[in-house]
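So the structure is just underneath, and the comments pick up after that.
Values quoted throughout were computed directly from the atomic coordinates according to the rules given, and no laboratory measurement underlies them. Computed from a predicted model, the values in this text were never measured in an experiment. With ideal geometry, Cβ positions are generated from the backbone for all residues, glycine too; neighbour counts draw on all protein chains shown.
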């Protein structure tokens, strides 16, 4: 894929969040609506286009732990907050960035993680787990060797510890499992079709209503 080739030529070992989501989107994985702003004025224009509230995130292939570095601003509700957040993130970054992502706030209390790893013996494997803060603590994940068919993806959901989160939950409807299956199949296909993609981490994959949406993503590259 051209974007991956160009990134490797530029010496990148990861894709930025914006680039990572472009790759996901090319495989029909639902991602947040977002724009890459180069200055505060542009950020405000994009925020108005998306509709408040919005999120701002520093964006660069070098920025892989944005939250820890305070390069994320949530629930911004007006032009003034967006402009101030843009300036604050720029100062905190202390290094050149591709720009600052202006992103819609995706409603939803359920978070999953999906991803891709490359096993030396089996090759690309798709992963599904509980997302958000739980992914590091609980490590509740399941894997399947790519390529996947729908039944493989549905089996992953059945095997996932804590899969009750996929059912009707705290007044929210059951997750659209077929939509989630399509995402897992697509993640596997990215690995099958792009040898340079070594890892994918989509965390969180938020369940908005009953549909999964990729809210943050990181793609790790190799030769």
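Details
- At R0 = 41 Å, FRET efficiency that the Cβ-Cβ distance of residue 92 and residue 155 yields, to 0.05: 0.40
- Spatial offset of segment 67-91 relative to segment 97-130 amounts to 23 Å, using the alpha carbon center of each.
- 27, 18 arranged by Cβ crowding within 10 Å, fewest neighbours leading: 27, 18
- Put simply, when 111-121, 183-193 are sorted by average Cβ atoms within 10 angstrom per residue, most first, you get 183-193, 111-121.
- Ranking of 90, 5, 32 by count of other Cβ atoms within 10 Å, fewest first: 5, 90, 32
- Degrees separating the helix 17-26 axis from the principal Cα axis of the chain, which is the longest one: 50
- Rounded to the nearest 10 degrees, the inclination of helix 177-193 to the longest alpha-carbon principal axis of the chain is 90 degrees.
- Listed values (1) 7, 29, 33, 22, 7, 1; (2) 8, 33, 35, 20, 4, 0; (3) 7, 31, 33, 19, 8, 1, 0 include one computed from this model; for P(r) over Cα pairs in 10 Å bins from 0, in percent that value carries the label (2).
- Against the chain, whose longest principal axis comes from its Cα atoms, helix 79-93 is set at around 80 degrees.
- Sites residue 178 and residue 122, calculated FRET efficiency, Cβ-Cβ separation with R0 30 Å, nearest 0.05: 0.70
- Nitroxide proxy distance, nm - points 7 Å out along Cα→Cβ at residue 195 and residue 22: 2.4
- Note on the chain: helix-only mean residue ellipticity at 222 nm, from DSSP H runs of 4+ residues weighted -39500 (n - 2.57) and normalised by residue number, equals -10500 deg cm²/dmol.
- Each listed q (0.12, 0.15, 0.23, 0.26 Å⁻¹) maps to a log10 I(q)/I(0) for segment 34-104 from the Debye sum over equal C-alpha point scatterers, namely -0.24, -0.38, -0.90, -1.15.
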